[in-house]
Amino acid sequence: MTPGQIAALVASSTAAGVMNAMAGGGTILTYPTLLWLGESPIIANATSTVALLPGAASSLFGYRREVAVLGFLGVADIHASNGLKNFFGMCINGVAAAYFILRGAVEWRAALVMMAGAILGGYAGARFARKIGQARARAAVIVIGFVIAGILLYQSFGR
């Protein structure tokens, strides 16, 4: 793996960790990066899923205060909601990751490099969301959602 490839994997996984901590959708950054680096679609999907899982754990750690006082009904606090979303996402992706690992579908060199970025981004994203406050965090979620929608629309119809 070249330094440029490592940089691309770290950059995409760090940004994905931040996105996932605040709103979700970080795979939209890591999956194309892996494809660009020559991985097959199945290996790219499996590797991205496994690599981003530790980032969900680190963002959950970043939201630990909110999750510790969370009630499952009537949650109005966006930080608590994000913490809960990250917990359930980690559970769901944990099952997928276990399947991919057991099937031997993970490119481990790339996954390990990406895990470092995802952990950093997941924790930083949770800390950043808490620092900017609930109103700005909600706005960031909306912006991220529109950006992801725009990217997907462009990929589907813009080519």
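The values are calculated or read from the model by the stated rules, or taken from the named source; none is laboratory data. Keep in mind that what you see is a predicted model, and the values were worked out from it rather than measured. Cβ placement follows ideal geometry from the backbone for every residue including glycine, while neighbour counts extend to all protein chains displayed.
Going through Gly104, Gly133 one at a time, which residue ends up being part of a loop (DSSP other than H, G, I, E, B), at positive phi and surrounded by fewer than 19 Cβ atoms within 10 Å (Cβ to Cβ)? Going through Gly104, Gly133 in turn, just one is part of a loop (DSSP other than H, G, I, E, B), at positive phi and surrounded by fewer than 19 Cβ atoms within 10 Å (Cβ to Cβ): Gly104. For region 107-130, the tally of residues that are among the hydrophobic types (A, V, I, L, M, F, W, C) and either outside any helix (DSSP H, G or I) or more than 21 Å from Ile6 (Cβ to Cβ) (or both) stands at 3. Residue pairs whose Cβ atoms lie under 6 Å apart, sitting 6 or more positions apart in sequence or on different chains, and linking a residue in region 1-22 that is within 25 Å of Tyr63 (Cβ to Cβ) to a partner that is in a helix (DSSP H, G or I) and of a type in the set (Ser, Thr, Tyr), are Ser12/Thr30; Ser12/Thr33; Ser13/Thr30; Ala16/Thr30; Ala21/Ser59.
Out of all the residues in region 58-80, is one or more buried (at least 22 other Cβ atoms within 10 Å of the Cβ), of a type in the set (A, V, I, L, M, F, W, C), within 29 Å of Gln155 (Cα to Cα) and within 14 Å of the chain's Cα centre (by Cα)? Within region 58-80, none of the residues are buried (at least 22 other Cβ atoms within 10 Å of the Cβ), of a type in the set (A, V, I, L, M, F, W, C), within 29 Å of Gln155 (Cα to Cα) and within 14 Å of the chain's Cα centre (by Cα). Leu35 meets all of the listed conditions (1) under 19 Å from Ile101 (Cβ atoms); (2) surrounded by fewer than 22 Cβ atoms within 10 Å (Cβ to Cβ) but one, namely (1).
As for region 95-110, it holds no residue that is among the β-branched types (Val, Ile, Thr) and within 13 Å of the chain's Cα centre (by Cα). The condition of being among the β-branched types (Val, Ile, Thr), touching a Lys or Arg at 6+ places or on another chain (Cβ under 8 Å) and modelled with pLDDT under 95 holds for only one of Ile28, Ile78, that being Ile78. Every listed requirement among (1) surrounded by fewer than 24 Cβ atoms within 10 Å (Cβ to Cβ); (2) under 19 Å from Leu84 (Cα atoms) is met by Asn20 save one, (1). Checked against the criteria, Leu35 counts as in contact with a helix residue (DSSP H, G or I) (Cβ under 7 Å, 6 or more places away or on another chain), more than 30 Å from Arg138 (Cβ to Cβ) and either at pLDDT 95 or above or part of a helix (DSSP H, G or I) (or both). Among the residues of region 81-101, the ones that are over 23 Å from Ala129 (Cα atoms), among the small types (Gly, Ala, Ser) and either buried (at least 19 other Cβ atoms within 10 Å of the Cβ) or touching a residue at least 12 places away in the same chain (Cβ under 8 Å) (or both) come to 3 in all.
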